[in-house]
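I have placed the structure first, in the form of structure tokens, so that the comments after it can refer back to it.
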Amino acid sequence: MAVKKRPFSKLQCQECKRINYFTRKSKKAVEKLELKKFCKWCRKNTVHKEAKR
Ligand SMILES: [Zn+2]
């Protein structure tokens, strides 16, 4: 199968719902990403989760 999957995941701030980061996913299906990152909109560290497409 020649399905091309984009290797990027979007990381969305769970407080303001903005997408702040893009991250690469490994080939194997990973569980939903959940990272603490700095959100420039919230101006603090918030939980960022992989956004749905
Ligand atoms: Zn935010």
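None of the figures in this text is laboratory data; all of them are computed from the coordinates on show. Please read these numbers as outputs of a predicted model, since none were measured by experiment. Cβ: placed from backbone, ideal geometry, glycine included. Neighbour counts: every protein chain shown.
Return the distance in nm (one decimal) between the two label points of a simple spin-label model at Arg43 and Lys17, each offset 7 Å from Cα along Cα→Cβ.
2.3 nm
For a quick protection proxy, order the peptides 37-43, 8-14 by their average other-Cβ count within 10 Å, most packed first. Please report the intermediate quantities before stating the final value.
Working: 37-43: 13.3, 8-14: 17.9.
Top to bottom by mean Cβ count within 10 Å: 8-14, 37-43.
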